[in-house]
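Scroll down for the structure; my scribbles are underneath it.
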Amino acid sequence: MKKMIMLALGVFLATTASVYADELPREEGLPSPYFIDEVHCEGNHVHEVRGGFYAPDEVEAANKVESHESCENLLKAFGIVKYSWISPDDLERTATIMKQSEYFDSVELAVKKSELQNHVHVFLKVKPKPQWFSTVGNDFKYYAGNASQGFLINDKLSGEISNRHDAPSNTQTWGISVEGYGSSSPLAVSPAVVSSDDYEKLQNRNYYLADLSLKEQGSVSNHVTYDLNMDLTSDNIASDGSNRLAFDMQTDLLFTRPINLVRGNAFIGPALLLGNVMPYQVSSQNYYYLLLPGFVFGYDYGQDFWNNAKFKISYYNSFQNNSIFDYAFNGQYHMGFIDTFLIGAFDMRLADNPVLPQDRLPLTGPYQGNTYIGLSKIYGSDKTSRQQVSAVVGLEVLSYAASTPTYEQVAPYVGLKYKLTNSDWNLNLSAGYYFQRTY
Amino acid sequence: MKRLGLLLLLGASGVCLGAHGTQGTLGICGFYRDAYQGEILKKINAGIPFELMSTVFEDGNLVYKKAVRVSLNLWDDVVTLRSGDQVLSKFYLKDGVSEVCKQLEIEDTDLKPGRKYVFRILLNPMWSERMTRLQVTTGRELESQHLIGIDWKKLAETMPSEKVLLEKEIQK
């Protein structure tokens, strides 16, 4: 019996010792993921329910629901979803992203254990930045024509204001731009090489293009986002100077996925382009609409203020002889000495049959493109103020007709760009000197 | 025995209270206590892993750095310090004040006599190894939606961080 007791005691002690010894090494390797039982927020934007017909306690209850939904949506935008698993590594990543977010002045993220093993509550305390964010820009171009053409000046003034109340899960941006063209004479293009319709439009030397826009960008779920762009455009590009109005809407529903191997983000999804163009005096001859289903895909790598590369391909086809193919690429690469980047871009649009007024000319089977390469330097290092100055050389190409070979205008250019980024607003300025006219 | 060990440890920490440690170190344990009580303990208790980096600057340039990753097991209050995949140390949270500083300690053998240096403890430094580990480099979902705006500019030069927890001038 004594031996048995001694043995039992020995086993007990050995077990206790091993448990104690194992207690620390048990946490070896990566910690187990946490299951999120509940989320709590403080300081986030909430759509408050006002009094009116409701009793104060009902208003209070409704506001609690609103607050909780707002909290869930805010965390969801950063990848923290209630009733799901998350690893401590992902929490660290999310906390880092949130702290660097341009939506907040300060962020505190914490987890506390819940009743069950590996179940946690997430606590977020934020101090949001101002609700409104604006961008102002001006783009000036001077096209030097030959003796028979004369010069052409183009200036585009634009402004945008974004509502970040529901950001980052949803952001609306209202924009306005006014663009004016003025030239001493029409572009000397032979009528023989362009369609009569195109030629008419080239005769208008001075014209404007005004645009009102609404962009909405939001997330449907962790990996599904949408981009909605609506434009109301007015112009008098026609040779007789008559005005017309156009409305178009482009919506992209995107499935996005981080590609960890190359540290980027890929996206793909269906898209829809809807357009409606009419002269102010509506006539059946000049009125037309567009309905083009399509798809987009692309890839983003890097950061705006560091090495980055982005490309996006969009293709729309109405299956009735209307199609648009867009290709856009831009990127910058750090040159190895402080804050100097090699920058470049290539944009191209191929279109069959009439497209949107923003394209200025009814492009009948042609293309237009722009490419540049240059050097860029960043000034200012903090989050609240950064400036980027760039000098570029490039080519602008515009073709007018579907004839073979396609008639095209190619204009080499040099340009300067300036970008100022503050916490509340952006300023974008650019100026270009084009050695030939394309319009 | 354990208490004796703790007493010995505290004693050793006490020796570190001078300008330098006794064995050719900076003696961080002697002057980092306020930073631990004020910020580091709060961060550990928040339950989210984070990084601390000991740094030495000379004329504004980073000349030495040493980073540790701190994580807490919420269910047994055990703190783990790692460097990369290597576990440097494990201890109970109550022992944190004496254990964390050991891993942040810096040998002063590389520092030149007579020169002035600035020692800093950085919270969550924005250095390449950490950014790569966390994969904080995606574009569309982060920068383009203003979810992120990292100060990349002088990354290599001044080592930006979430916060400087401690700053002290030192001279060997």
**Study point:** Unique residue being within 14 Å of chain B (Cβ to nearest Cβ), surrounded by 13 or more Cβ atoms within 10 Å (Cβ to Cβ) and either in contact with a helix residue (DSSP H, G or I) (Cβ under 7 Å, 6 or more places away or on another chain) or more than 19 Å from A:Arg257 (Cα to Cα) (or both) when the list is A:Glu92, A:Glu72
**Key:** A:Glu92
Revision key, fill the gap. Among strands (runs of 3 or more DSSP E) entirely within segment B:78-127, at least 2 residues that are open to solvent by 50 Å² or more (accessible area, probe 1.4 Å) occur in B:86-92, B:116-125
Revision key, fill the gap. Subset of segment A:125-155, residues open to solvent by less than 70 Å² (accessible area, probe 1.4 Å) and charged (D, E, K, R), comes to A:Lys129, A:Asp139, A:Lys141, A:Asp155
Study note, to complete from the structure: Selection from segment A:110-124 of residues open to solvent by less than 70 Å² (accessible area, probe 1.4 Å) and either polar (S, T, N, Q) or closer than 18 Å to A:Ala167 by Cα (or both) yields A:Ser114, A:Asn118, A:Leu124
Check your understanding: Out of the residues in segment A:101-119 that are within 7 Å of chain B (Cβ to nearest Cβ) and touching a residue at least 60 places away in the same chain (Cβ under 8 Å), which is farthest from B:Ser161 (Cα to Cα)?
Key -> A:Val111
Revision key, fill the gap. Every listed condition ((1) assigned to a helix (DSSP H, G or I); (2) away from every other protein chain (no Cβ under 14 Å)) holds for B:Lys43 save (2)
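The values are calculated or read from the model by the stated rules, or taken from the named source; none is laboratory data. Since we're looking at a predicted model, the values are computed, not measured. As a convention, Cβ positions derive from the backbone with ideal geometry for all residues, glycine included, and neighbour counts pool all protein chains shown. All accessible areas refer to the heavy atoms of the entire protein, side chains included, with ligands and DNA or RNA removed. Shrake-Rupley method; radii C 1.70, N 1.55, O 1.52, S 1.80 Å.
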